[in-house]
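For reference, the structure is listed below as structure tokens.
The values are calculated or read from the model by the stated rules, or taken from the named source; none is laboratory data. No experiment lies behind these values; they were computed from the predicted model shown. All Cβ positions, glycine included, derive from the backbone under ideal geometry; neighbour counts span all protein chains shown. Quick note on the areas: whole protein, heavy atoms, side chains included, nothing else; ligands and nucleic acids left out. Shrake-Rupley method; radii C 1.70, N 1.55, O 1.52, S 1.80 Å.
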Amino acid sequence: MTTNNSRVIRAELLSFNADPGEADNPAAQSVSHLEDGALWLENGRIRAIDDYTTLASQLPDDIEVIDHRGKLVMPGFIDSHVHYVQLEIMASYGRQLLDWLNEYTFPEECGFAQRERADAISNAFLDEMLRVGTTTAQVFCSSHPNSVDAFFHACRKRNLRMLAGKVLMDRNAPEALRDDTFGGIQDTERLISEWHGTARLGYSLTPRFAPTSTRAQLDATGGLLRNDPSLWLQTHLSENPGELDWVAELFPQSRDYLEVYEQSGLVGPRSTFAHGIHLDQGMRRRLAEHGANIAFCPSSNMFLGSGLFDRHAAGEVGLNVTYASDVGAGTDLSGLATLKAAYQVGQLRGQPLTAWQGLYSLTLGNAKALSLDDKIGRLAPGMEADFVVLDPAGSPLLSRRYSRCRTLGERLFTFMMLGDDRSVLETWAGGELLHRRT
Ligand code: GUN
Ligand code: ZN
């Protein structure tokens, strides 16, 4: 029997209150950890969180208690940059970015003119996200307004908190994907008025990247952002050497790639720039001054041979770094797999990533950088009840390794290096169970 959609999850609970830093062991106040905790859900939010024995005395007699002892509950994972329309071209033999775009990506995105295809892939994508514990993402659709309607519609049906937008591109793309410069802006305005701020959805302006937009389209996008600062913005920046040369050729008036975006007013506190590998310290500082974030996409960067992101250089100037799969160039949707790839990239740069820093980034860190931390990213009273139930017995090898761990830090690192969809027993969003491993 439940009242007001009220129930309790009893499990080990882990959540971050602040950035734990890069040290091997985090400052105690940055982490909330309850060995035998209770998470009280009510009307889609967290009503209370405490030790089970403390909270038990306050609970109504008839409340449902779901016993997940032996499992680890964390806030739902957040993916700051992913293309839902590229789900089915993952693992397409890539060479480098521009070849991969022309050979696989653009042809694939042409199919999203059809609403039925956009509906089908939206649902398949959300199933896969939930299977790996991701409850929020910032998502590129295709350039077809249809593809955005389909995606938001599918998210609203599941009551997910999601950001997404229609790709803007009015040059250097196949005709079937190309916007009429101002037609693309009008389509965007219609989508904003229909979806931005409805249910748990937000609109992210989505100029694909500098080479596929004219200055007029970038300027008009900047105009939309200026008129409504509650919008988000997502694009790509300095991913691949071939791309950098092309941008320099197309925008001779800009002193560097970032200035192309600055000149159109696209760099702000709600702007996410995917990749940002090939930047100098001055560009990183400019991004930091605007409060923008770089989406670090480690599996994608290795897949396309784009380069090794310099996390410490970003940290030195206070530039926010978010973590992202960048599927379809990314090789895995799983946030845990993204952290494993980030650890490996870090090792090659002499910048290993602790599980503390990784899991903070995947939850509260990403939420903060996307200005969503008043709603998601923590297990705390009043927050939306989006969380993942991790299962150390999810696979024989994980279970074997986990049983040897002595500390929480070791157990978290084991999840980060050996975890996958089998490690996710359940994914909850808005206080409802949306995925259970079969
Ligand atoms: N740059 C412009 N478009 C894309 C894309 O779809 N994926 C990646 N990885 N980089 C891009
Ligand atoms: Zn991308």
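Numbers for the structure displayed
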read-out: Checklist (1) open to solvent by 10 Å² or more (accessible area, probe 1.4 Å); (2) under 30 Å from A124 (Cβ atoms) applied to F296, failing item; value: (1)
read-out: Boolean, A429 is within 17 Å of the chain's Cα centre (by Cα), buried (at least 24 other Cβ atoms within 10 Å of the Cβ) and within 20 Å of P26 (Cβ to Cβ); value: no
read-out: Which numbered condition V388 fails, given (1) surrounded by fewer than 21 Cβ atoms within 10 Å (Cβ to Cβ); (2) β-branched (V, I, T); (3) in contact (Cβ under 8 Å) with a residue 12 or more places away in the chain; value: (1)
read-out: Residue within the range 263-277 that is farther than 27 Å from S230 by Cα and surrounded by fewer than 18 Cβ atoms within 10 Å (Cβ to Cβ) present; value: no
read-out: Residues (within 17 Å of E35 (Cβ to Cβ) and open to solvent by less than 40 Å² (accessible area, probe 1.4 Å)) located in the range 391-413; value: D391, P392, Y402, C405, L408, G409, R411, L412
read-out: Matching entry among S230, S238, S264 (being at positive phi and among the small types (G, A, S)); value: S238
read-out: Restricting the range 343-371 to residues that are part of a loop (DSSP other than H, G, I, E, B) and surrounded by fewer than 20 Cβ atoms within 10 Å (Cβ to Cβ), the residue that is nearest to the chain's Cα centre (by Cα); value: S371
read-out: Test: residue in the range 324-332 that is open to solvent by less than 10 Å² (accessible area, probe 1.4 Å), at pLDDT 95 or above and among the acidic types (D, E); value: yes
read-out: Index of the failed condition, N366 passing every other in (1) farther than 17 Å from A18 by Cβ; (2) touching a residue at least 12 places away in the same chain (Cβ under 8 Å); value: (1)
